[in-house]
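Engineer: Have a look at the structure that comes next, please.
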Amino acid sequence: MRPLIALAIVVLVFGSVEAYMLFQDSLPVADVAESVVEHAGGKFSVELTLTFDAAPDGFALEPVSALVQFDGKDLFRSAERIAAGTSIVIDNVKDILAGKNDFYVKIVAADERFDLQHAVRLRVLRNGAPIAEHTLWSDPGEPVEGVVRVDVPAHVPVSHPHEH
Amino acid sequence: MLRVILFLLAAVGFFVSPDPVSAQSKDNYRLIVCSTTQVADLARQVVGSRWEVQGILAPGQDPHLYEIKPGDARLVAQADLCMENGWHLEGKDWMKTLATNAAKPLVTCAAGVKPLELEQNDEKIFDPHTWFSPKNATIYVRNIVAGVSELDPQHRAEYEARAELYINQLRALHVWIQKQVSVIPPSKRILVTSHDAFNYFCRAYGFTSAAPAGWSTGDEIGGGVTPERRRRAVDSIRKFGVKAIFVETSVNPKLIRQIASDAGVEVGGQLYSDSMGAAGTAGDTYIGMMRENVLTIVEALQ
């Protein structure tokens with residue numbers, strides 16, 4: 001008797017699973033909603049200001065002194081020395097999205113003393129007006145390196161003359 | 001009868017089916033033969049298990065004095081690629097000779113390093129001990145990536161990915177060394193070793209080097225022990241109040257022990273110089289070698 005009950009349970013379990021799988025296969029494939037990507041309006045530029053001298057990175061496969069990337073593409077790349085106080089201005093940055101945008105930044109200090117930290121200021125401007133500003137700090141002795149996330153509104157805010 | 005048939009079938013299956021290891025290795029087997037232990041370690045960091053890496057020198061062997069053996073030529077004959085330190089570290093360019101005789105491509109790892117020049121009898125020589133700066137070791141890694149990628153461009157991205165990780169480790173090593181040696185006052189940073197192998201380390205970390213033997217333990221120009229060098233080493237020890245001097249794992253310690261006795265200082269420890277340590281020891285990798293050297297130096301001189 002017990003073997004028969006065990007067999008019945010096995011048939012029931014596997015049969016249920018098989019029935020469920022057949023039911024799933026018979027369902028129509030759902031349409032995947034297309035992701036909506038909205039580009040932010042306006043002309044964008046990115047500005048970096050160095051507080052230290054930058055020099056080509058001795059610890060890299062490709063020795064850059066400064067690198068700025070957006071969406072996997074280079075916005076700025078240099079293997080030259082850059083003096084402290086220099087502002088790197090990148091005009092006409094394309095494909096800025098409404099919402100979150102990530103900029104990868106790497107700047108290598110010429111002075112690589114182990115106890116020194118360095119900072120870089122990054123600003124994003126739309127139509128010449130700053131819309132975001134971040135300061136990126138390095139670990140002691142390391143390059144300034146990291147991702148700066150900037151939240152960009154979809155549209156340029158409209159100013160009403162009567163509000164003044 | 002059935003057992004006989006089954007046995008025969010099994011035997012046929014055993015001999016006919018391809019050995020999965022040798023079938024794979026015949027198609028994919030690649031061999032790099034390196035001169036020094038350091039070059040071999042750096043090569044392994046880049047190629048992973050995609051290539052086999054073998055070194056000619058064993059741990060503790062002196063590249064300046066090494067003489068080629070018949071087995072070396074046989075090994076190089078099987079290589080797809082050879083690698084050397086270069087700049088005559090390999091005495092009389094024995095690695096170049098092996099590679100040229102076997103018509104194998106050769107990567108010179110020191111190529112592109114900013115050299116320290118030594119002058120002797122109006123002849124300029126590049127100090128070949130370039131790996132003692134982690135920044136120069138990064139250049140070695142770049143050269144290795146270029147060398148293997150040229151022969152195996154399909155896996156270039158993989159080699160570069162490993163290299164990037166390892167270079168990050170070299171950067172961390174550099175920062176760590178700076179921090180470790182900062183406890184030694186600049187006036188006490190005098191490094192006296194068996195031969196003049198540590199100039200790049202000294203330049204990177206603010207030491208002064210003094211050695212009774214020149215850049216080579218052999219008889220090349222600028223190499224070997226001279227009375228003047230020995231006297232200068234002893235004078236440096238006394239003048240700067242050096243606390244300790246160091247023997248090297250790949251050089252006979254007799255001379256440095258005599259100098260220690262003459263100058264009245266202790267031998268502070270053993271440094272890995274032209275060779276890493278044996279497998280299983282703390283200095284059996286490039287990073288391990290540098291780490292242990294720095295710990296030995298700092299403990300002895302601070």
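Engineer: Let me have the 222 nm mean residue ellipticity of the protein assembly as shown computed from DSSP H runs of 4+ only, each contributing -39500 (n - 2.57), with the sum over all residues rounded to the nearest 500.
Structural biologist: -11500 deg cm²/dmol
Engineer: By DSSP, what percent of the beta bridges with both residues in the protein assembly as shown are antiparallel, rounded to the nearest 5?
Structural biologist: The antiparallel fraction comes to roughly 70 percent.
Engineer: In straight Cα distance, which aspartates and glutamates are under 16 Å from B:Lys114, not counting same-chain residues fewer than 8 positions off?
Structural biologist: Filter leaves A:Asp57, B:Asp127.
Engineer: As a footprinting exposure proxy, order A:Val11, A:Val105, B:Val298, A:Val150 by other Cβ within 10 Å, with the fewest listed first.
Structural biologist: In increasing order of surrounding Cβ atoms, one gets A:Val11, B:Val298, A:Val150, A:Val105.
Engineer: Could you list A:Glu133, B:Glu123, B:Glu90 so that the one with the fewest beta carbons within 10 Å of its beta carbon is first and the one with the most is last? Spell out each step's value before the answer.
Structural biologist: On the way: A:Glu133 13, B:Glu123 9, B:Glu90 24.
The most exposed by this proxy come first: B:Glu123, A:Glu133, B:Glu90.
Engineer: Comparing B:Leu165, B:Leu65, B:Leu75, which has the greatest mean-square fluctuation in the GNM of chain B with Cα pairs linked when under 10 Å apart?
Structural biologist: Most flexible of the set in this elastic network: B:Leu165.
Engineer: On to the next question. Under a straight-distance cross-link criterion of Cα-Cα below 21 Å, which lysines are reachable from A:Lys100, leaving out those fewer than 8 residues away in the same chain?
Structural biologist: Result set, ordered by chain and number: A:Lys43, A:Lys73.
Engineer: At q = 0.21 Å⁻¹, what log₁₀ I(q)/I(0) does a Debye calculation on the Cα points of the stretch A:10-146 give, no solvent, two decimals?
Structural biologist: For the stretch A:10-146, the Cα-only Debye profile gives -1.22.
Engineer: Determine the alpha carbon to alpha carbon distance for each of B:Lys124/B:Lys188; B:Lys69/B:Lys96; B:Lys69/B:Lys254 and list only those over 21 Å.
Structural biologist: Long pairs (Cα-Cα over 21 Å): B:Lys124/B:Lys188; B:Lys69/B:Lys254.
Engineer: Same structure, new question: If you take every DSSP beta bridge fully contained in chain B, what fraction is antiparallel? Give it as a percent rounded to 5.
Structural biologist: Here the share of antiparallel DSSP bridges comes out near 20 percent.
Engineer: Within 10 Å of each residue's Cβ, count the other Cβ atoms and sort B:Ser209, A:Ser45, A:Ser35, B:Ser273 from fewest upward.
Structural biologist: Fewest-to-most ranking of B:Ser209, A:Ser45, A:Ser35, B:Ser273: A:Ser35, A:Ser45, B:Ser209, B:Ser273.
Engineer: Something else now. Of the peptides A:17-23, B:133-139, A:90-96, how do they stack up when ordered by the mean number of other Cβ atoms within 10 Å, highest first? Mind dumping the intermediate values first?
Structural biologist: Details: A:17-23: 9.7, B:133-139: 23.7, A:90-96: 14.0.
By packing density, highest mean first, the sequence is B:133-139, A:90-96, A:17-23.
Engineer: Apply the a/c threshold of 1.5 to the C-alpha gyration tensor of the protein assembly as shown and tell me whether it is rounded, prolate or oblate.
Structural biologist: Oblate, because a/c is 1.5 or more while a/b does not exceed b/c.
Engineer: Please report, for the Cα atoms of the stretch B:23-173, the Rg to one decimal and the Dmax as a whole number; what are they, in angstrom?
Structural biologist: 15.5, 57
Rule-based calculations on the coordinates, nothing more; no lab input. Remember, it's a predicted structure, so these values are computed and weren't measured experimentally. Cβ sites come from the backbone with ideal geometry, for glycine too, and all protein chains shown count toward neighbours.
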